Amino acid sequence: MSRVLVVEDESAIAELISINLRHAGHEVSVADRAEQAQQEVDRVLPDLVILDWMLPGQSGLALAKRWRGEARTRELPIIMLTARAEESDKVSGLDAGADDYLTKPFSTHELMARIRAVLRRKAPEALDSVVELGALRLDPATRRVGGGGGEVKIGPTEFRLLHFLMTHPERVHSRSQLLDRVWGDHVFIEERTVDVHVKRLREALLPVGCSAMIETVRGVGYRLTQQVLVAPVDPN
Ligand code: CA
């Protein structure tokens, strides 16, 4: 399941998009102006933003530029909506950092297809596709994890954490990034919570021989890797 923020001042359009997103299993929040959208993003980092260009006050375009300029929101997937159809406007939208662009009026089928495409590219942990990495296999639809021929017993938070790590392997994630992307809260949850759940996840993966895939990168955070360093066996 993914969190989608819809930023749209025309309530009929916001409603139409929200209904379709909820029907597809997404969790939706709606903002009708830039300031409110910023507050939503400060509170919980969404998996994707549908951003209308023309808003009262600050424009969606300015908002997209601001988000692209800040570390926390740099990778935030954005689909821009606009009534403008001119080619130059599409270019400005993409220059501002939008991942995709849709001109009103649009079909909800097309919007949903573009949302799936952007999520696949930028936030695959928000989709229900099976993920395989090394000996591990995670199925979001059945919430099952298998590894090394056995099934892994795993709690819901460890499941979300593993899902995120498996869809973003070989990269180091800070505790703050993990709180944002896995817990959806980077303000009120202590960073050591991450350590507690990483420990539990390693314990859960121990019986299938995969716990060493989760590396601690000192002073930075955690990484899931397939290139596990095996200590050489002492011949003596
Ligand atoms: Ca508008």
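Where is the GNM fluctuation largest for the chain (alpha-carbon springs, 10 angstrom cutoff): Gly97, Gly219, Gly57? Largest GNM mean-square fluctuation: Gly219.
Putting +1 on Lys and Arg Cβ atoms and -1 on Asp and Glu Cβ atoms, find which of Val91, Val182, Thr103 reaches farthest to the positive end of the dipole of the stretch 71-185. Going by the Cα projections, it comes out as Val182. The share of alpha-carbon pairs in the stretch 3-122 lying farther apart than 21 Å comes to 28%.
Placing a label point 7 Å from the Cα of Val187 along the Cα-to-Cβ line, the residues of the stretch 40-65 whose backbone N sits under 17 Å from it are 40-47. The string of couplings for the stretch 57-67 from the Karplus curve (6.51, -1.76, 1.60, θ = phi - 60°) is x, 5, 6, x, 4, 5, 5, 4, 4, 4, 5 Hz, one whole number per residue in order, with x for Gly and Pro. Springs join every pair of Cα atoms under 10 Å in this Gaussian network model of the chain, and among Ile50, Ile13, Ile214 the largest mean-square fluctuation is at Ile13. Here the stretch 98-236 yields Rg over Rh of 1.05, to two decimals, using C-alpha coordinates and the Kirkwood radius.
Which residues does a label at Arg74 reach in the stretch 150-188, if reach means a backbone N under 18 Å from a point 7 Å past the Cα toward the Cβ? Hits in the stretch 150-188 for Arg74 at 18 Å: 168-181. Annotation note: GluC sites (Glu not before Pro) in the stretch 45-110 located in DSSP loop regions with a Cβ neighbour count of at most 12 within 10 Å are Glu70, Glu86.
Expressed as a whole percent, the proportion of Cα-Cα pairs in the stretch 29-70 lying more than 17 Å apart is 18%. For Leu55, the shell of other residues with beta-carbons less than 9 Å away shows a net charge of -3, using +1 for Lys and Arg and -1 for Asp and Glu. Taking the Cα centre of the chain as reference, the dipole from Cβ charges on Lys and Arg (+1) and Asp and Glu (-1) amounts to some 640 debye.
Partner lysines whose Cα lies under 28 Å from the Cα of Lys104, excluding those fewer than 8 positions away in the same chain, are identified as Lys65, Lys90, Lys122. GNM remark for the chain: springs join alpha carbons under 10 Å apart, and the peak mean-square fluctuation among Val172, Val196, Val145 falls on Val196. When you restrict to C-alpha pairs under 8 Å that are six or more residues apart and normalise by the size of the chain, the relative contact order lands at 14 percent.
Taking the Cα centre of the stretch 3-122 as reference, the dipole from Cβ charges on Lys and Arg (+1) and Asp and Glu (-1) amounts to some 460 debye. Glu191 sits among other residues whose Cβ lies under 12 Å from its own Cβ, and their net charge, with Lys and Arg +1 and Asp and Glu -1, is -2.
The loop-placed chymotrypsin sites (Phe, Trp or Tyr not before Pro) in the stretch 34-124, going by DSSP, that have at most 16 neighbouring Cβ atoms within 10 Å of their Cβ come out as Phe106. Diagonalising the gyration tensor over the Cα atoms of the chain and scaling each eigenvalue by 5 before taking the square root yields semi-axes of 37, 18, 16 Å, largest first.
No value in this document is a laboratory result; all are computed from the given coordinates. Bear in mind the structure is a predicted one, so any value in this text is a computation, not a measurement. Every residue, glycine as well, gets a Cβ built from its backbone with ideal geometry; the counts of neighbours run over all protein chains shown.
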